[in-house]
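Taken together, the values in this text are just the output of simple stated rules run on the coordinates, not laboratory data. Remember, predicted model here, so these are calculated numbers, not experimental data. We place every Cβ from the backbone using ideal geometry, glycine too, and count neighbours over all the protein chains shown.
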Amino acid sequence: MPGLYERLQKTAGAAAPAGSAPRTAGAPWAREPEAAPEREGGAAPGTAAPWSGVDPELKARVKQRLAEELDAETLERAQRGDDRPVKEAIAAILRAEGASPLELGRLTAALYAEVLGFGPIQPLLDDPDVSEIMINGPRHVYVERHGRLQRAPVRFEDDEAVLRLIERIVAPLGRRIDEASPMVDARLPDGSRVNAIIPPLAIDGPAVTIRKFARDPFGIDDLIRFGTLTPEMAEVLRACVQARLNILVSGSTGSGKTTTLNVLSSFIPPDERIVTIEDAAELQLRQEHVVRLETRPPNLEGRGEIAIRQLVRNALRMRPDRIVVGEVRGGEALDMLQAMNTGHDGSLTTVHANSPRDALSRLETMVLMAGMDLPVRAIREQIASALDLIVHQARLRDGTRKILYITEVQGLEGDVIVLQDVFRYVQTGVEDGRVRGDFRATGVRPRFSERLAAAGIVQSTRTRKTERRRASKRRGFASEFSRTAGWPPGWRVLSCM
């Protein structure tokens, strides 16, 4: 696997123009910049790409000198955070090439991003307001800010520049992308999710989609501040995770399932052993005792592939207290359900679906994909026995993300799995482009409340009735407190039944 120094040498060699002549003093820096791409549909404000207006031959010479003058040790130190020597070397080379003092800072940052970062999109990766980056070929880059798509004022030189970016992302992970394998899932060092697809499948040039994750992972307080859920809902979810309920997070693409799964995982006590299983490692668990497993694609000979289903089976032999699967997409759903039904309580996973009921239908379909000829009723019995709670999330038309349902799986009646909403979000309208609505508790006390009482998280029904009578005698009236005694604040809305 090529190191950083070897990649710089390779890039400089590829970029150096054949027979490039010495630069005429001042000329390249005075060259007219290329016309900026026409903005479409709410383009993001900003300037042109850092290298726009610079002679490509001059840029190639700067890269070549940088490859000759910087050693591998200096580059590796910069990757670990000591980047001052590299930036000083870049600035010295640019001054020697006649760079204008007014342009020196911009060009130094641009070249540093190409050498140690991710080229033109590095400023977008550093922008905390950007949640997603979409590269549609070298000339069209879009971002998502606050739930809205915008055209970004950056561009790549050509398709080869985009391919070099993809190679830089996937090479450290031991993955590959070429004509034989033109699609790849990967991740950035900070855990951001990356998908890339190249020609001939991508007709208009290489396409890259990067879903960023916050450097400081969001917590439950952040989701409450964003309006994703209420403090009462957060208290319920915290209690359910601590009581080891099996939870399924469902939702559409981009609805925030992984973020919610990460927040739910933060409620797991620190003294439990957690095994996470993902296609590309994205979860950012803060507990110490965590084992992270990641799938592996096949090699050049088509061998050596390790799928999620194999990792789920292996995790059962690793003495896990909790199993967290990033997402179930196929036959691994059967193994996950069997794990939940064989003593591995408190497991968490996600699935793509449009509603809690659709999530169960998708699970049935994925179990059948495992190749087991099981009757539908047997599959539904497995699902009803394994799952305790479904948390359904969606991205609304204004870009906000809400937990629409917290739904209890109550069991099987006949051939139908019975679901009961505990909380739901009710949309009341749209005002100034913003979706209006409120979270509502159904008022139905969930069946799993007795499990919470057994775990010591809330008091049992019998204990609450005793305390109600005592409170009534002490106070002389049946107060609201007596109706809700023994429940944490988040459960008071549920304890009236």
Checklist outcome for this item: Per the 1/(1 + (r/R0)^6) rule, R0 = 60 Å and r from the Cβ atoms of Arg397 and Glu69, FRET efficiency to 0.05 is 0.70
Next on the checklist: Counting other C-beta atoms within 10 Å, and keeping those with at most 14, which DSSP coil GluC sites (Glu not before Pro) do you find in segment 206-280?
Outcome noted: Glu272
Item to check | Prolate/oblate/rounded label for segment 328-371 (Cα gyration tensor, a/c 1.5) | outcome: oblate
Checklist entry - What net charge is computed for the residues neighbouring Gly304, neighbours being all others with C-beta under 14 Å from the C-beta of Gly304, Lys and Arg scored +1, Asp and Glu -1? => result +1
Checklist outcome for this item: Everything considered on the Cα gyration tensor (a ≥ b ≥ c; rounded for a/c under 1.5, else prolate if a/b is larger than b/c, else oblate), segment 252-299 must be described as oblate
Checklist entry - For Arg445, which sequence-distant residues (separation of 5 or more, or a different chain) have an amide H within less than 5 Å of its own amide H, given hydrogens modelled in the peptide plane? => result Met497
Checklist entry - Label points 7 Å out from Cα along the Cβ direction at Phe226 and Thr209: separation in nm? => result 1.8
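Using 0.36 nm per residue, how much length does the chain from Glu272 to Met134 gain when fully extended, once their Cα-Cα distance is taken away? Write down the numbers at each step before the final one.
On the way: separation 138, 0.36 × 138 = 49.68 nm, distance 3.80 nm.
Taking Glu272 through Met134 to full extension adds about 45.9 nm, to one decimal.
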Checklist outcome for this item: Here, Asp190 and Ala96, labelled 7 Å along Cα→Cβ, have an inter-label distance in nm of 3.3
Checklist outcome for this item: With Thr407 itself left out, Lys, Arg at +1 and Asp, Glu at -1 over residues whose Cβ is under 14 Å from its Cβ give 0
Item to check | Contour minus Cα-Cα distance for Ala171 and Gln410 (0.36 nm per residue) | outcome: 81.4 nm
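Could you pull out the GluC sites (Glu not before Pro) across segment 281-365 that fall in loop regions by DSSP (anything but H, G, I, E, B) with no more than 10 other Cβ atoms inside 10 Å? The partial results should precede the final answer.
Numbers: sites: Glu282, Glu288, Glu294, Glu301, Glu305, Glu327, Glu332, Glu364; in loops: Glu282, Glu288, Glu301, Glu305, Glu327.
Answer in residue order: Glu288, Glu301.
Within the set of other residues whose C-beta is less than 12 Å from the C-beta of Arg436, count the net charge using Lys and Arg as +1 and Asp and Glu as -1.
-1
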